[in-house]
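These notes concern the structure reproduced below.
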Amino acid sequence: MKDLDALFRSVLAEPDLPPATSVFWVHHGTRLAGGGVTYLNQYVLVRVGRAFGACAFEQGALDPAVCAEASGAPLRDLLLHGPLPLRLAALDAYLGQAAPHAEDPRAEEVVLPRGTPEERALARDAAVAGLVPEPDGRKVGLIGVVNPLVAAIHERGGRCLPCDLNLRSTQWGDPVTPDMEGVLSEADAVVATGMTLGNGTFDRILERCRERDVPLVVYAQSGAAVARAFLGAGVSALSAEPFPFSQFSADPTSLYRYRAHGADRRTAGGGEG
């Protein structure tokens, strides 16, 4: 698959697309014990059959009133029209319904344990870190800053290049740049959040990693099934966490780890799940 537009076109070519049974949004805030930052996340979600598609969006990128307008609408309409996060969530729902992660033979299921928000966040971040290529001696671009991944990269002797549109420093005071292009030009490997799918930057990240032949790891709640479509076509590894996300439950939930054929299986912490 070349890019997101090509993926949208391939799905739109399918006959008899189902309706989007429901469309809803979640505004969620989290501050973990001992943390100094409250993370505020907004998600739009689309249900198709047995699957939920999801996409995080920035403040003002989507009017929640769209949920009433879009619920029950033909999926084709949602894929063609409206804000990118809504189109992305609809695409994610369709792909997740067509090929559930739990039934994908490439997927390694990681069950996050019952626990507190801190315990579950630690288990999730360890699972994601387990996909990062061994950073010893490498510069690892982190597009969408997650502090445990910053720590995992540093602990293994790598140099983290953090990039984020909203944060300006890591937990340890390291500067965070908003300049994605600089990171993509310098990094020896790239780790990116699924939110890059919904904010329109994913295609550029994919393009630069292909051009420079550097590994790209995606950790996705947003667009987990969408990112999977690029596995082995620019994406080296993927942590796919379909809805309901780990932060919405204290009970065991699953995420699914994927590696492209021949991808570097050495990890930056977290083990094999």
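The charge dipole of the stretch 122-225, taken about the Cα centre with unit charges on the Cβ atoms of Lys, Arg (+1) and Asp, Glu (-1), comes to about 120 debye, rounded to the nearest 20. How tilted is helix 117-129 with respect to the longest principal axis of the chain? Cα atoms for both, answer in degrees (0 to 90, nearest 10). Long axis of 117-129 versus the principal axis of the chain: about 80 degrees.
The local environment of A192, defined by Cβ-Cβ distances under 12 Å, has a net charge of 0 under the rule Lys, Arg +1 and Asp, Glu -1. Once the Cα atoms are used to define both axes, helix 202-212 deviates from the longest principal axis of the chain by about 50 degrees.
Note on the chain: dipole from Cβ charges, positive end direction compared against V44, V150, A56; the farthest Cα belongs to V150.
The Cα center of the stretch 9-53 and the Cα center of the stretch 176-215 differ in position by 22 Å.
The Cα center of the stretch 69-104 and the Cα center of the stretch 124-173 differ in position by 30 Å. Ranking H81, P19, V110 by Cα position along the charge dipole of the stretch 1-137, where only Lys, Arg, Asp and Glu carry charges on their C-beta atoms, puts P19 farthest toward the positive end.
Simple point charges give the picture: +1 on the Cβ of Lys and Arg, -1 on the Cβ of Asp and Glu, and for the stretch 2-70 a dipole about the Cα centre of about 300 debye. Applying 1/(1 + (r/R0)^6) with R0 = 41 Å to the Cβ-Cβ distance of S71 and D136 gives a FRET efficiency near 0.25. Across the chain, the mean sequence separation of Cα contacts (distance under 8 Å, 6 or more residues apart), normalised by length, yields a relative contact order of 21 percent. Rounded to the nearest 20, the size of the Cβ-charge dipole of the chain about its Cα centre is 180 debye, with Lys and Arg at +1 and Asp and Glu at -1.
Think of the stretch 114-273 as having a plus end and a minus end, set by charges on the Cβ of Lys, Arg, Asp and Glu; of L238, C160, G137, L238 sits farthest toward the positive end of this dipole. Solvent-accessible surface of the chain, taken per residue with a 1.4 Å probe and all protein chains present: 44 Å².
The values are calculated or read from the model by the stated rules, or taken from the named source; none is laboratory data. Computed from a predicted model, the values in this text were never measured in an experiment. Neighbour counts run over all protein chains shown; Cβ positions are idealised from the backbone, glycine included. Calculation scope for accessible area: heavy atoms of the full protein, side chains included, ligands and nucleic acids excluded. Shrake-Rupley method; radii C 1.70, N 1.55, O 1.52, S 1.80 Å.
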